1. Looking only at the stretch 209-236, which residues are part of a helix (DSSP H, G or I), among the small types (Gly, Ala, Ser) and touching a residue at least 40 places away in the same chain (Cβ under 8 Å)?
2. Restricting the first residue to the stretch 15-37 and requiring it to be more than 13 Å from residue 143 (Cβ to Cβ) and among the charged types (D, E, K, R), which pairs with a second residue that is open to solvent by 50 Å² or more (accessible area, probe 1.4 Å) and in a strand (DSSP E or B) meet a Cβ separation below 9 Å and a spacing of at least six or different chains?
3. Would you pick out the residues in the stretch 73-107 that are within 22 Å of residue 158 (Cα to Cα), surrounded by fewer than 21 Cβ atoms within 10 Å (Cβ to Cβ) and either of a type in the set (Ser, Thr, Tyr) or touching a helix residue (DSSP H, G or I) at 6+ places or on another chain (Cβ under 8 Å) (or both)?
4. One residue is enough: does the stretch 226-235 have a residue meeting the conditions touching a helix residue (DSSP H, G or I) at 6+ places or on another chain (Cβ under 8 Å), open to solvent by 20 Å² or more (accessible area, probe 1.4 Å) and at pLDDT 95 or above?
5. So which strands (runs of 3 or more DSSP E) stay within the stretch 96-173 end to end and still have 3 or more residues that are over 18 Å from residue 86 (Cα atoms) and either touching a residue at least 12 places away in the same chain (Cβ under 8 Å) or acidic (Asp, Glu) (or both)?
6. Scan the stretch 55-67 residue by residue and report those that are farther than 11 Å from residue 42 by Cα and touching a residue at least 24 places away in the same chain (Cβ under 8 Å).
7. What about residue 26, is it surrounded by fewer than 24 Cβ atoms within 10 Å (Cβ to Cβ), modelled with pLDDT of 95 or more and farther than 23 Å from residue 110 by Cβ?
8. State whether the residues of the stretch 110-119 include one that is open to solvent by less than 40 Å² (accessible area, probe 1.4 Å), hydrophobic (A, V, I, L, M, F, W, C) and more than 16 Å from the chain's Cα centre (by Cα).
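The values are calculated or read from the model by the stated rules, or taken from the named source; none is laboratory data. Values in this document were obtained by computation on a predicted structure and should not be read as measured data. Backbone-built Cβ (ideal geometry, glycine too); neighbour counts: all protein chains shown. These area figures cover heavy atoms from the full protein model, side chains too; ligands, DNA and RNA do not enter into them. Shrake-Rupley method; radii C 1.70, N 1.55, O 1.52, S 1.80 Å.
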Amino acid sequence: MTEATELFLLHYGAVRGHGVPIPGFLIRLRDGRHILVDTGCPAEIIGDAAHPFEVGPHEHVTGRLAALGLAAADVSTVVVSHLDPDHAGANDEFPHADLVVQRRQYEHARSSGLHRYEWMRAYWDDPRLRYRLVDGDVEIAPGVTVLECGGHVPGHQAVLVELPETGPVLLAGDAWMRGTDPAARPMTPFDLDEPATRLAQRRLMEIADARGVRLVIHNHDAEQWASLRHAPDGYR
């Protein structure tokens, strides 16, 4: 039996000048625990009109949790899709939680020296944080599975959530560009490995088909994001 009872979509702000949403997700489990998927941007940039990411006073992860009656301490597990600054910039808010990340991504972020990781490294490489390094697909709770789909970065991971009413929902992260064929999809400057990015999208599409996924949520897709149900409403 799945332990997930509800999925909330959290809007953490946007990429300034583009209106591209910065998404996060909260999964409520039957036993009252909560799993957070990605943490968004650091609190220090709230209201900073010069910053490339635009975060309003209530859009930081702690504000989004507070609107649901929760504090950071109520999150027992954080799934880190990857360590880009708009996905892991507030990891330091969760020193009490287990942070689940693919080993390949963690090692790449710590050793590559790429600006995308170094820019906000202090927030995700905080020595207080407890990272749980995983290799490949892992069920982290009954009905909640991380899926390795590297390419955008090594060790990027998506999340498959089995909900009691909606059915399977795939949080595809940055690995799947909606409405595109993997073989022909455009590449962005942030996709580090083109062949692997194409294979990752195809893999997620095949998993979605095989598992009967009812809803695929794509990161940074403004058109889709506007059509979805946002917290405090959730998917059950």
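1. Listed by number, the list holds a single entry, 222.
2. Close Cβ pairs (under 9 Å, with a partner that is open to solvent by 50 Å² or more (accessible area, probe 1.4 Å) and in a strand (DSSP E or B)) amount to 16/54.
3. Of everything in the stretch 73-107, those that are within 22 Å of residue 158 (Cα to Cα), surrounded by fewer than 21 Cβ atoms within 10 Å (Cβ to Cβ) and either of a type in the set (Ser, Thr, Tyr) or touching a helix residue (DSSP H, G or I) at 6+ places or on another chain (Cβ under 8 Å) (or both) turn out to be 76, 77, 92.
4. yes
5. Working: elements: 98-102, 130-134, 138-141, 144-148, 157-163, 167-173.
Qualifying strands (runs of 3 or more DSSP E): 130-134, 138-141, 144-148, 157-163, 167-173.
6. Answer for the stretch 55-67, where residues must be farther than 11 Å from residue 42 by Cα and touching a residue at least 24 places away in the same chain (Cβ under 8 Å): 56, 64, 65, 67.
7. yes
8. Within the stretch 110-119, none of the residues are open to solvent by less than 40 Å² (accessible area, probe 1.4 Å), hydrophobic (A, V, I, L, M, F, W, C) and more than 16 Å from the chain's Cα centre (by Cα).
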